[in-house]
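Let me begin by presenting the structure, written as structure tokens, before commenting on it.
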Amino acid sequence: DVKVTQSSRYLVKRTGEKVFLECVQDMDHENMFWYRQDPGLGLRLIYFSYDVKMKEKGDIPEGYSVSREKKERFSLILESASTNQTSMYLCASTLARRIYGYTFGSGTRLTVV
Amino acid sequence: AQTVTQSQPEMSVQEAETVTLSCTYDTSESDYYLFWYKQPPSRQMILVIRQEAYKQQNATENRFSVNFQKAAKSFSLKISDSQLGDAAMYFCAYTGGATNKLIFGTGTLLAVQP
């Protein structure tokens with residue numbers, strides 16, 4: 001089974017801190033994604049990457065950046081955390097042939113205080 | 001722009017009964033894929049069923065089946081013989097065209113009553 005591992009299940013950070021959320025997949029998937037999940041809003045795409053060092057903005061990239069230095073690892077960076085970034089963050093990956101589906105990590109619940 | 005709409009924020013079903021969750025989408029693409037994902041309280045997103053747009057036959061996975069109406073851009077999920085373990089948030093999702101983005105609906109929270 002493909003595994004997508006997110007480094008933290010729960011995280012509490014202070015306003016203004018730089019926050020790193022890490023995601024690692026073990027099946028050589030080309031595409032990786034970061035979503036934010038909020039009640040009533042579903043999952044919204046922050047950034048995605050289709051290759052090493054490549055990245056594209058999703059629907060809500062403001063306040064976030066990403067890094068993909070190796071194929072298996074995709075990091076989400078909150079440059080200066082704010083309380084409105086308190087949310088659940090989900091990482092996903094997929095092969096280029098999308099019919100095989102997207103595999104998700106178990107999420108990181110981030111609280112910014 | 002592609003959109004996915006789930007108009008039922010919450011639904012409830014009796015154990016062993018059948019329930020249908022609705023999903024509509026909007027796209028101008030001819031090549032696309034549709035998915036239903038389940039998210040239990042553990043937060044792990046689990047792929048329930050997938051459908052390729054060019055296939056007219058509705059996908060089926062055990063107790064889960066879809067009613068794919070391409071012209072109406074409708075993709076509903078039917079759960080037969082509902083079990084307590086089916087209680088979860090269900091998300092409809094779309095991906096299509098040149099992009100690999102997966103676009104989600106807002107979800108339907110399904111409760112299963114014993």
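Only the coordinates and a few stated rules stand behind these numbers; no lab work does. Treat the numbers as computed from the prediction; the structure is a model and nothing was measured. Cβ placement follows ideal geometry from the backbone for every residue including glycine, while neighbour counts extend to all protein chains displayed.
Observations on the structure shown:
- Selection count, region A:10-27, where residues are without any contact (Cβ under 8 Å) to a residue 60 or more places away in the chain and not in a strand (DSSP E or B): 1
- Breaking point among (1) away from chain B (no Cβ under 11 Å); (2) in contact (Cβ under 8 Å) with a residue 24 or more places away in the chain; (3) surrounded by 14 or more Cβ atoms within 10 Å (Cβ to Cβ), for A:K55: (2)
- Residue selected from region A:99-113 under the condition without any contact (Cβ under 8 Å) to a residue 60 or more places away in the chain and not small (G, A, S), by the criterion farthest from A:L21 (Cα to Cα): A:I99
- If you check A:A96, A:A81 for being outside any strand (DSSP E or B) and farther than 13 Å from B:L102 by Cα, only one passes: A:A81.
- For B:A88, the test of being among the aliphatic types (A, V, I, L, M), more than 8 Å from chain A (Cβ to nearest Cβ), farther than 22 Å from B:A53 by Cβ and surrounded by fewer than 20 Cβ atoms within 10 Å (Cβ to Cβ) is failed.
- When residues of region B:6-26 are limited to those that are polar (S, T, N, Q), in contact with a Ser or Thr (Cβ under 9 Å, 6 or more places away or on another chain) and part of a strand (DSSP E or B), the one surrounded by the fewest Cβ atoms within 10 Å (Cβ to Cβ): B:Q14
- Within region A:29-75, the residues that satisfy the criterion of being in a strand (DSSP E or B), farther than 23 Å from B:F91 by Cα and not acidic (D, E) are A:Y64, A:S65, A:V66, A:S67, A:R68, A:K70, A:R73, A:F74, A:S75.
- Scanning region A:32-43 for residues being within 9 Å of another protein chain (Cβ to nearest Cβ) and more than 20 Å from B:E10 (Cα to Cα) gives a total of 2.
Residues are listed down the side, and each one gets a yes or a no for (1) in contact with a helix residue (DSSP H, G or I) (Cβ under 9 Å, 6 or more places away or on another chain); (2) farther than 20 Å from B:F35 by Cβ:
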{"residue": "A:G40", "(1), (2)": "no, yes"}
{"residue": "A:M54", "(1), (2)": "no, yes"}
{"residue": "A:S65", "(1), (2)": "no, yes"}
{"residue": "A:K71", "(1), (2)": "no, yes"}
{"residue": "A:S75", "(1), (2)": "no, yes"}
{"residue": "A:L78", "(1), (2)": "yes, yes"}
{"residue": "A:A81", "(1), (2)": "no, yes"}
{"residue": "A:A92", "(1), (2)": "no, no"}
{"residue": "A:S106", "(1), (2)": "no, no"}
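- Filtered residue count, region B:75-99, keeping only those that are over 28 Å from A:Q6 (Cα atoms) and either part of a strand (DSSP E or B) or basic (K, R) (or both): 5
- Filtering region B:34-74 to residues that are within 14 Å of another protein chain (Cβ to nearest Cβ) and either in a loop (DSSP other than H, G, I, E, B) or exposed (fewer than 12 other Cβ atoms within 10 Å of the Cβ) (or both) leaves B:P40, B:P41, B:S42, B:R43, B:Q44, B:M45, B:A53, B:Y54, B:K55, B:A59.
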